[in-house]
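Shown next, in structure tokens, is the structure this report addresses.
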Amino acid sequence: MDAALVADGKNAMVGQMRLSLDQTDRSQLISAWAPGEIRVGERRYRRSVVLKAGTEPLPWPAPRPAELVLEDLTPALDLAPEILLLGTGSGLVFPDPAIYARMLALGVGIEVMDTGAACRTYNILVAEDRAVVAALIIEQ
């Protein structure tokens, strides 16, 4: 038995499966990551940066991951994320527990991972049209 196709603009339903047209702006995705550098579209960044799809990347004067305090995340939080991805450089460094408590109070999910993993996760969440912001520490 063939399932009926029901379409409305960029979404379609086939039986119980929802299909969506991929309309992600590829220039907003991270196209490459290497220690000391990321590339968004064709632009290279060699310093820490805050990213949100649909906005220009923001230079971020991030401290070393172990020294991160809540105020350091203000540029990322000003972009009203649903999810904040914190890339802590080449290794995983968990921030002060007070940062987690504040994110919970603000209703913002926070995921902490090394910067390479944060880049991959950012691309996936942007493609899913999620309100994600990535604060990425790029080590020199």
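The values are calculated or read from the model by the stated rules, or taken from the named source; none is laboratory data. Every value quoted in this text rests on a predicted model; they were computed, and no experiment measured them. Reconstructed Cβ throughout: ideal geometry from the backbone, glycine too, with neighbour counts over all protein chains shown.
Quick notes on this structure:
- The one condition from (1) on the phi > 0 side of the Ramachandran plot; (2) loosely packed, with under 15 Cβ neighbours inside 10 Å that residue 89 does not meet is (2).
- Of all residues in the range 78-93, those satisfying the criterion of being closer than 14 Å to residue 62 by Cβ and within 11 Å of the chain's Cα centre (by Cα) are 84, 85, 86, 87.
One line per residue, one yes/no per condition, for (1) of a type in the set (Phe, Trp, Tyr); (2) in contact (Cβ under 8 Å) with a residue 24 or more places away in the chain:
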residue	(1), (2)
45	yes, yes
55	no, yes
61	no, no
69	no, yes
74	no, no
93	no, yes
97	no, no
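- Flag for residue 89 being within 25 Å of residue 54 (Cβ to Cβ) and of a type outside the set (Ser, Thr, Tyr): no
- Candidates 111, 82, 128, 71, filtered to the one that is among the acidic types (Asp, Glu) and at pLDDT below 95: 128
- The residues in the range 9-33 that are at pLDDT 65 or above and within 20 Å of residue 125 (Cα to Cα) can be counted, and the count is 7.
- Members of the range 60-77 found to be among the small types (Gly, Ala, Ser), in a helix (DSSP H, G or I) and surrounded by 14 or more Cβ atoms within 10 Å (Cβ to Cβ), listed by number: 76
- The condition (being surrounded by 18 or more Cβ atoms within 10 Å (Cβ to Cβ) and part of a loop (DSSP other than H, G, I, E, B)) is satisfied by just one residue among 80, 53, 135, 118: 53.
- Odd one out for residue 110 among (1) under 18 Å from residue 28 (Cα atoms); (2) crowded, with 17+ Cβ neighbours inside 10 Å: (1)
- Selected residue [more than 20 Å from residue 36 (Cβ to Cβ), modelled with pLDDT under 95 and part of a helix (DSSP H, G or I)] from 105, 98: 98
- Residue among 76, 117, 127, 80 that is among the aliphatic types (A, V, I, L, M) and within 18 Å of residue 35 (Cβ to Cβ): 117
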